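Student: Just passing along the structure, written as structure tokens.
Throughout, read-outs are computed from the coordinates displayed, never taken from laboratory work. Small disclaimer: the values here were computed from a predicted structure and weren't measured. Note that each Cβ is placed from the backbone with ideal geometry, even for glycine, and that neighbours are counted across all protein chains shown.
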Amino acid sequence: MKHVIITRFGLARLDEAFYREHLRLCSLTLAPSLRAQSSKKFIWAVAIDKRAPEWVDDAIRQLTPGIDVRIWRIDPLVDGLNPVDVEALERIARGDAVITSRVDDDDLLHRDFVRRTRSELKDATGVVYLTYGDGLIISRRTTEKRRSPWIGLGLSCLSSAPFEDQAYRYSHSRTGVEAARDGHEVREISTPEPMWIRTYRATSDSAEPYKGTRIRIGEATSVDPRLFGLSKLGLWRLRRALREAEAAPTRSGITRPKAQPRLFMKSEILRTIEALRMQEPEPKETIEALAAALYSF
């Protein structure tokens, strides 16, 4: 049984500053947590934009020496923002079932994530969705406990070709409800230790709706960074990077709208393009203008 951890890395983004910032954050977060995994029986698949700079591929591979890294070049104008390359996944599977897991490039997984997930699903059959609800939120100042059963961090799916079901099929917050509605087995796993860390900074897309507010995420706590592949120095460097990311100016000095995160806006543009392509005749000039807008922010 293969296990593929999938990370969406800059789909519908072309600016090199974005890639350099996220490579730096990934080198302090996800990459060390993957290198520290107690089981190396996994593939890290990184989905990047077809039009992204070529140097990004090698930069990603250099983050995790000794780990099987696959770069999936995705065309958002054709496939949207879903990072799963189904054909590549079928080649990996070779007819067997595969576990897919999702994680962002600036978050961390517990060092036993792969081993525990494979153990939980080793005797499972059919399609099974699995999530670990216990984790942490780290910001530039605090570490807080978080109970969030269907966070999109470590959310996993056991399935087989044609891989209609995989870790990115549903909106992560709706996965438990919608997978059960579709007749699939759903497992919410509680653990004594946090299985994931989500990093929080005010400049991230997921933080957009909450700018200007201080949301109490959970109970303040401490963290043993070794559980996630970090040293104490590594944790300090992470907090410094989060602080510096918040201090950096937004691209072109543009203030992003609070209620419409970047990914939501890009998704709306892509849905509009898809609908326009169904028209006869196809309004090519309009589609080209929307495609230009997609990559403009």
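Student: So for the chain, considering every pair of alpha-carbon atoms, how many percent are separated by more than 32 Å?
Tutor: Tail of the P(r) past 32 Å holds 25 percent of the pairs.
Student: At 0.36 nm per residue, and after removing the present C-alpha to C-alpha distance, how many nm does the segment from GLN62 to MET1 gain when stretched out fully? Could you put the intermediate results ahead of the total?
Tutor: Numbers: separation 61, 0.36 × 61 = 21.96 nm, distance 2.60 nm.
Stretched out fully, the GLN62 to MET1 stretch lengthens by 19.4 nm.
Student: Can you give the relative contact order of region 1-91 as a percent, counting alpha carbon pairs under 8 Å and 6+ residues apart?
Tutor: The value is 38 percent.
Student: So what is the relative contact order for the chain, in percent, with contacts set as C-alpha pairs under 8 Å and at least six apart?
Tutor: So the answer I get is 21 percent.
Student: At what distance in nm do the modelled label points of ARG91 and ARG73 sit from each other, each positioned 7 Å from its Cα along Cα→Cβ?
Tutor: In this crude spin-label approximation the distance works out to 1.2 nm.
Student: Here's a follow-up. Using a Gaussian network model of the chain whose springs link C-alpha atoms within less than 10 Å, name the residue from ASP96, ASP106, ASP49 with the highest mean-square fluctuation.
Tutor: Looking only at ASP96, ASP106, ASP49, the largest GNM fluctuation is found for ASP96.
Student: Which length gain, in nm to one decimal place, applies between GLU268 and GLU164 when the Cα-Cα distance is subtracted from 0.36 nm times their residue separation?
Tutor: 35.2 nm
Student: Related question: Applying a 10 Å radius around every beta-carbon, put 185-191, 76-82 in order of their mean neighbour count, most first.
Tutor: On the way: 185-191: 14.3, 76-82: 17.0.
Going from most to least packed, we get 76-82, 185-191.
Student: Separate question: Find out how many positive minus negative residues lie around HIS172, taking Lys and Arg as positive, Asp and Glu as negative, among other residues whose Cβ is under 11 Å from that of HIS172.
Tutor: +1
Student: Under 20 Å between alpha carbons, and skipping anything fewer than 8 positions from LYS122 in its own chain: which aspartates and glutamates qualify?
Tutor: GLU90, ASP96, ASP112, ASP165, GLU185, GLU188
Student: Looking at region 7-80 from every direction and averaging, what is the projected area of its Cα convex hull in nm²?
Tutor: 4.8 nm²
Student: Right, next: Given a Förster distance of 30 angstrom, what is the FRET efficiency for ASP182 paired with LYS40, based on the Cβ-Cβ distance and rounded to 0.05?
Tutor: After rounding, the FRET efficiency stands at 0.40.
Student: Any chance you could run the full-extension gain for SER173 through THR286? It's 0.36 nm times the residue separation minus the Cα-Cα distance, nm to one decimal.
Tutor: 37.4 nm
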